[in-house]
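Enquirer: Below you'll find the structure I mean.
The values are calculated or read from the model by the stated rules, or taken from the named source; none is laboratory data. The model shown is predicted, which means the values in this text are computed figures rather than measured ones. When we count neighbours, we look across all protein chains shown, and the Cβ atoms used for this are built from the backbone with ideal geometry, even at glycine. Note: accessible area is taken over every heavy atom of the protein model, side chains too, but ligands, DNA and RNA are not part of it. Shrake-Rupley method; radii C 1.70, N 1.55, O 1.52, S 1.80 Å.
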Amino acid sequence: MTPILSRILLVSSDPAWRQQTLAGFSQVLMRYDNPFGLTFSSEASAQQALHAIEQDGDIQAVLVDDSLSSSQGKNAATLLQTLANYRPELSLYVLLEQEDSPHVAHFAELGISGYFYRAEQDYAGWFRILQAEIADKAATPFFDQLKRYVALAKDAWHTPGHSGGDSLRSSPWVGDFFDFAGEQVLRADLSVSVPMLDSLLHPEGVIAEAQARAARAFGAKQTYFATNGTSTSNKVIFQTLLSPGDILLLDRNCHKSVHHGVILSGAMPVYLDSSVNRRYGVFGPVPKHRILQAMTDYPQAKVLILTSCTYDGLRYDLKPIIAAAHEKGIKVLVDEAWYGHARFHPALRPTALECGADYATQSTHKVLSAFSQASMIHVNDPDFDPHVFRENFNMHASTSPQYSLIASLDVARKQAVMEGYKLLHRTLHLAAELREQINATGVFRVLSLEELLPEEVSADGILLDPCKLTLDISDSGFSADELQEVLFERFNIQIEKSTFNTVTLLLTLGTTRSKVSRLHDAIVRLAKEKRLPRPPLRLPEIPHFSRLLCLPRDAFYQRGERVPLCDENGAPNPALVGQIACDQIVPYPPGIPVLVPGQEITADIIAYLIRLKKAQKHIEVHGLDQTIGEECLRILRQKAPNQAAI
Ligand SMILES: Cc1ncc(COP(=O)(O)O)c(C=O)c1O
C-alpha cells in the first residue's frame, strides 16, 4: 500500500519564524510516531499558499500566521475565507502573534479548527493536535467496528444463514462462491442481532456517528445512509414531504424513482417539460423561465424536484431557482444521483446544498467509491421533521441491510475528505486529456457544453460536469450499438450509455491512466478504419405531455384493463385513444416517460411508441404489459370523456 502522506502548510511572511517553526517540527518528528505521515512545509504569501493548495492534494491542514500581509492586500482572514470556500474539508489553524489578538472573534465565523499562540513554540503540542485532528477526520466508526466484530470471531447463532460463509466454504457445489466473494465479505455479512453494529433503522451508535461525519463532510445538517440506492432515497423524501393531493413540481425527465414517489405519496404532479437537444437525442434541464412560471402558477406547490446534474452532466444554476422557490415556501429536493463527488473539487461546486437546497439525494456509488446501491440523503430543511422522515425511511428500508454497503459509505466519505480533491484533480485532468485525444482523431468528437445544450436553455447558466464525456459518433460509420459492441468485444471496454448518435463515457475516482490509454488506443484504431458515414438516423420526436385526468396513485392502484398497442393491422389501436394510462411507460433510451399513471393516452403517443419500436429493434419499453403475448397498455376507461383535466 502507498504510505499515507499528510502535508501541513505554514503560511507566514516572517522568514525567520518559518524557518524556526519548520526546524521545531522536524525535531518533533524524530520523537513521535507518525502514522499519518505528517510533513511540514511553508509558503511566504497568501498567493503562494493558494497555488500550493491548488496543486498539492496531499495538503491536509494549513496554519496561517494572523499577521500575514501581502502586496496583493490578502491578509490572514481573506486567505482563510478563500481556503474555506475552496476546499471546505481542509483543516485551518490560526497562528496568533499577539496575546490578545483582535481577530479571534472574526476567525470564529470561518469554522477554524484551532489556534496556536506563536510565542509558546509548543511544536510537540501543536503536532499532537494536528495529528489528532487528522485521525479524527480519517476515522470510519462503522467500518472500524465491523472489522473489530469480525476479528472477535464470535459463533453465529443468528442470520444470515450462510453464517459467515460456513455453509459455503467447503461445499463441492458452491465453495466457488465463497472463494469468489472473499471470506471477509461473507464474515462481514451480519445482522441486526449484533448490537455492537448499531441499527440502520434506529441509529444511535456507530451508524449514527458515521452519518454525522458524512453530514459534516457534505455540508448537511443531517445525513442518512440508504442501502437501496437513490431510487429509494427519492421515494423516502417524497413520502416525507407530500401528502395525498399536494402539488409537486417536477422535471418530466427525472428518474423513474421520482415518478414512483409520486404514485406512493398520492401527490398531484405538475410536469415541467425538459429542454431537448434533438440533434443528439439528449434531454437537458427544464428552462429556467418554465420553472419560475410554474412556481407563479402553482404558488401552493409543496415541493420542487430537479435533477442536477443530469446523466449527461448538465447542471442547473440552482441558486436563483432555489431562492425563488423558498420565497414561495416551496421546498427543494435536488436529485444529485450523478453529482455526489461535487463537494470535493472547486471546479465542480457549488453543490445543491451549497445553493440552498433543502434535500439532496446522492448515489455515492456512481462516482465515489461506495458499493452499488449505497446512497446518501442529505438534509438542510429548517422545518425537517425527523420522526416523519424516520417512519418513511423505515417503510422502505430492509430490516436486514447489507453491512458492507454501510461500511462502504463510511469509507467513501473518508476517502472523499482525505483525498477526494487529489483524486478528482486527477480525474478532471484525465478527462481533459481524453477530450483532446478523441477530438484529435477528427472522426469522433467530444461534445462541448454549447453543443450539448439545447437552444432553449443556452442562457440559463447551465454548466457541465467534465467527468462525463459525450462523444458524437455520427462521422465514424458506426451506429451506437455497433460501436458499443466493438469496444466491448475487441477492446474490452464497456461504456456507460448511448443515444442514436452519441456514446457517453463516465470518468470516476477509479479512472486510471492505463484505462485512458486503452480507450485512446481503441478510438484511434476505430477512427483509422475510415468507415463510410451512415445516413443520419431520425428518431421520432417525443410527444408533448397530454392531460393528467386523475391522480397517478388513483390510476396505478386500479387493476385496469389490458388493451393491445396495435390493432390487427399493426396500426395504432384506436381503442386506446382518450383512455387513462395505469402504468408509467418509459422507452429506454432515452428514459423519459411518455405516459405516467393518470395521463390521457393520445393517438400521438401510441404512434410514437410504435414508430420508436420500429426504428430501434432492441429498445426496451418499460411498463408495457406482455403477459398475454402481445404488447398491451394497462388502461382505465374514462368514465366521462373530456371531463375537466386537472
Ligand atoms: C437522476 C437519477 N436519479 C436517481 C437514480 C437512482 O439511483 P440508484 O441507482 O442509486 O438507485 C438514477 C440512476 O441512474 C438517476 O439517473
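Enquirer: Give me the angle, in degrees from 0 to 90, between the Cα long axis of helix 603-615 and the longest principal axis of the Cα atoms of the chain, rounded to the nearest 10.
Expert: So the helix axis and the longest Cα principal axis differ by about 70 degrees.
Enquirer: So for the chain, taking the charge dipole from beta-carbon charges (+1 Lys/Arg, -1 Asp/Glu), which of MET1, SER514, VAL417 sits furthest toward the positive end?
Expert: The listed residue farthest towards the positive side: SER514.
Enquirer: Grab the Cα-Cα distance for TYR117 and HIS289, subtract it from 0.36 nm times how many residues apart they are, and report the gain in nm with one decimal.
Expert: Working: separation 172, 0.36 × 172 = 61.92 nm, distance 5.34 nm.
Going from the current span to full extension adds 56.6 nm.
Enquirer: Percent of accessible area on segment 483-550 owned by carbon and sulfur, 1.4 Å probe?
Expert: 53 percent
Enquirer: Expressed as a rounded percentage, what relative contact order does segment 341-463 have, with Cα pairs under 8 Å and six or more residues apart? Walk me through the numbers before you get to the answer.
Expert: Values: 93 pairs, mean separation 27.3, N = 123.
So the answer I get is 22 percent.
Enquirer: Follow-up question, since we're still on this one. In the chain, if the dipole is taken from +1 on Lys/Arg beta carbons and -1 on Asp/Glu beta carbons about the Cα centre, which of ASN228, LEU532, HIS260 is farthest to the positive end?
Expert: In the chain, that residue is LEU532.
Enquirer: Only four residue types carry charge here, +1 at the Cβ of Lys and Arg and -1 at the Cβ of Asp and Glu. Report the dipole size of segment 257-367 about the Cα centre in Debye, rounded to the nearest 20. Before the final figure, lay out each step's value.
Expert: On the way: 12 positive and 9 negative charges, 34 e Å.
That gives segment 257-367 a dipole magnitude of about 160 debye.
Enquirer: Once every Cα of segment 347-411 carries one equal point scatterer and solvent is ignored, give the base-10 log of I(q)/I(0) from the Debye formula at q = 0.19 Å⁻¹, two decimals.
Expert: Once normalised to I(0) and log-transformed, intensities are -0.91.
Enquirer: I'd like the accessible area for PHE371: 1.4 Å probe, protein heavy atoms, all chains in place, Å² to the nearest 10.
Expert: Using a 1.4 Å probe on the heavy atoms, I get roughly 110 Å².
Enquirer: Under 8 Å for C-alpha pairs, at least 6 residues apart: give me the relative contact order for the chain, rounded to a whole percent.
Expert: Details: 1187 pairs, mean separation 68.6, N = 646.
That works out to 11 percent.
Enquirer: No solvent, one uniform scatterer per C-alpha: report log10 I(q)/I(0) for segment 6-138 via the Debye equation at q = 0.12, 0.18 1/Å, two decimals.
Expert: -0.41, -0.98
Enquirer: Also, I was wondering about something else. Considering the alpha-carbon set of segment 552-636 alone, what are its Rg and its Dmax in angstrom?
Expert: 11.8, 34
Enquirer: Extension gain PHE491-GLN55, at 0.36 nm per residue separation less the Cα-Cα distance, in nm? Mind dumping the intermediate values first?
Expert: On the way: separation 436, 0.36 × 436 = 156.96 nm, distance 3.38 nm.
153.6 nm is the gain from fully extending PHE491 to GLN55.
Enquirer: As I understand it, the value is the acute angle between the Cα axis of helix 15-31 and the longest principal axis of the Cα atoms of the chain; what does it come to in degrees, rounded to 10?
Expert: Rounded to the nearest ten degrees, it is 90.
Enquirer: Now, a different point. Rounded to the nearest whole Å², what accessible area per residue is found for the chain with the 1.4 Å probe? Before the final figure, lay out each step's value.
Expert: On the way: 28560 Å² over 646 residues.
Roughly 44 Å² per residue, with all protein chains present.
Enquirer: Pop out the carbon and sulfur fraction of the accessible area of segment 564-625 as a percent, whole number, probe 1.4 Å.
Expert: Details: 1330 of 2400 Å².
Here it works out to 55 percent.
Enquirer: What is the Cα radius of gyration of the chain over 2.2 N^0.38 Å, N being its residue count? List each step's numbers first, then the result.
Expert: Details: Rg = 27.7 Å, N = 646, 2.2 N^0.38 = 25.7 Å.
In units of the globular-protein estimate, the chain measures up at 1.08.
Enquirer: For a paramagnetic label modelled at 7 Å from the Cα of HIS158 toward its Cβ, which residues of segment 197-223 fall within the zone defined by backbone nitrogen distances under 15 Å?
Expert: 197-207
Enquirer: Compute the FRET efficiency between ARG559 and SER372 as 1/(1 + (r/R0)^6), taking r as their Cβ-Cβ distance and R0 = 41 Å, and round to the nearest 0.05.
Expert: Working: r = 34 Å, r/R0 = 0.83.
Efficiency at R0 = 41 Å is approximately 0.75.
Enquirer: In debye to the nearest 20, how big a dipole does segment 7-134 give about its Cα centre with +1 on each Lys and Arg Cβ and -1 on each Asp and Glu Cβ? Write out the running numbers ahead of the final one.
Expert: Working: 7 positive and 16 negative charges, 48 e Å.
In total the dipole reaches around 220 debye.
Enquirer: I'd like the FRET efficiency for GLU568 and SER479, computed as 1/(1 + (r/R0)^6) with the beta carbon distance as r and R0 of 35 Å, rounded to 0.05. Write out the running numbers ahead of the final one.
Expert: Details: r = 32 Å, r/R0 = 0.92.
Computed FRET efficiency for GLU568 and SER479: 0.60.
Enquirer: Which semi-axes, in whole Å and largest first, does the equivalent ellipsoid of segment 355-467 have when worked out from the alpha carbon gyration tensor as the square roots of 5 times its eigenvalues? Write out the running numbers ahead of the final one.
Expert: Numbers: eigenvalues 241, 88, 35 Å².
Each semi-axis is the square root of five times an eigenvalue, giving 35, 21, 13 Å.
Enquirer: Order 15-22, 230-237 from most to least packed using the mean count of other Cβ atoms within 10 Å. Show your work: numbers first, answer last.
Expert: Values: 15-22: 14.5, 230-237: 25.9.
My ranking of the peptides, most packed first, is 230-237, 15-22.
Enquirer: Kindly rank 487-495, 289-297 from highest to lowest mean number of other beta carbons found within 10 Å of each residue. All intermediate terms of the calculation are to be shown ahead of the outcome.
Expert: Values: 487-495: 13.1, 289-297: 15.2.
Going by the mean number of other Cβ atoms within 10 Å, highest first, we get 289-297, 487-495.
Enquirer: Between ASP179 and SER26, what is the spin-label point distance in nm, taking each point 7 Å from the Cα along the Cα→C-beta axis?
Expert: Modelled inter-label distance: 5.3 nm.
Enquirer: Okay, next question. For the charge dipole of the chain, defined by +1 on Lys and Arg C-beta atoms and -1 on Asp and Glu C-beta atoms about the Cα centroid, which residue among VAL94, CYS309, PRO350 has the Cα displaced farthest towards the positive pole?
Expert: So the residue furthest toward the plus end is CYS309.
Enquirer: Using alpha carbons only, how many degrees (0 to 90, rounded to 10) separate the axis of helix 229-241 from the longest principal axis of the chain?
Expert: 80 degrees
Enquirer: Okay, next question. What dipole magnitude, in Debye to the nearest 20, does the chain give about its Cα centre under +1 on Lys/Arg Cβ and -1 on Asp/Glu Cβ? Walk me through the intermediate numbers first.
Expert: Details: 61 positive and 73 negative charges, 243 e Å.
Computed charge dipole of the chain: roughly 1160 debye.
Enquirer: Hey, another quick one. If packing is taken as the average number of other Cβ atoms within 10 Å across a peptide's residues, how do 115-123, 129-137, 260-268, 151-159 rank, most packed first? Before the final figure, lay out the partial values.
Expert: Working: 115-123: 15.4, 129-137: 17.2, 260-268: 23.7, 151-159: 10.9.
So the peptides 115-123, 129-137, 260-268, 151-159, ranked by packing, come out 260-268, 129-137, 115-123, 151-159.
Enquirer: Report P(r) for segment 186-417: all Cα-Cα distances, bin width 5 Å, range 0 to the bin holding the largest distance, values in whole percent.
Expert: 1, 7, 15, 20, 20, 16, 11, 6, 3, 1, 0, 0
Enquirer: Moving on to the next point. How much of the DSSP beta bridge set in the chain is antiparallel, as a percent to the nearest 5? All intermediate terms of the calculation are to be shown ahead of the outcome.
Expert: Numbers: 36 of 72 bridges.
That works out to approximately 50 percent antiparallel.
Enquirer: Between SER67 and residues 5 or more places away or on another chain, which pairs have amide H atoms under 5 Å apart, with H built 1.01 Å from N, and which residues are they?
Expert: Distant-sequence amide H within range of SER67: GLU97.
Enquirer: Can you run phi through the Karplus equation (6.51, -1.76, 1.60; θ = phi - 60°) for segment 389-403 and list ³J(HN,Hα) in whole Hz, with x for Gly and Pro?
Expert: Running phi through 6.51 cos²θ - 1.76 cosθ + 1.60 with θ = phi - 60° gives 4, 4, 4, 6, 4, 5, 5, 9, 7, 6, 7, 10, x, 7, 5 Hz.
Enquirer: Now a separate question. Past the 17 angstrom mark, what percentage of all C-alpha to C-alpha distances in segment 421-528 do you count?
Expert: Beyond 17 Å sits 53 percent of the P(r) for segment 421-528.
Enquirer: Quick one: what Rg and Dmax do you get for segment 118-223 from the alpha carbons, in Å?
Expert: According to the Cα coordinates of segment 118-223, Rg and Dmax are 19.5, 71 Å.
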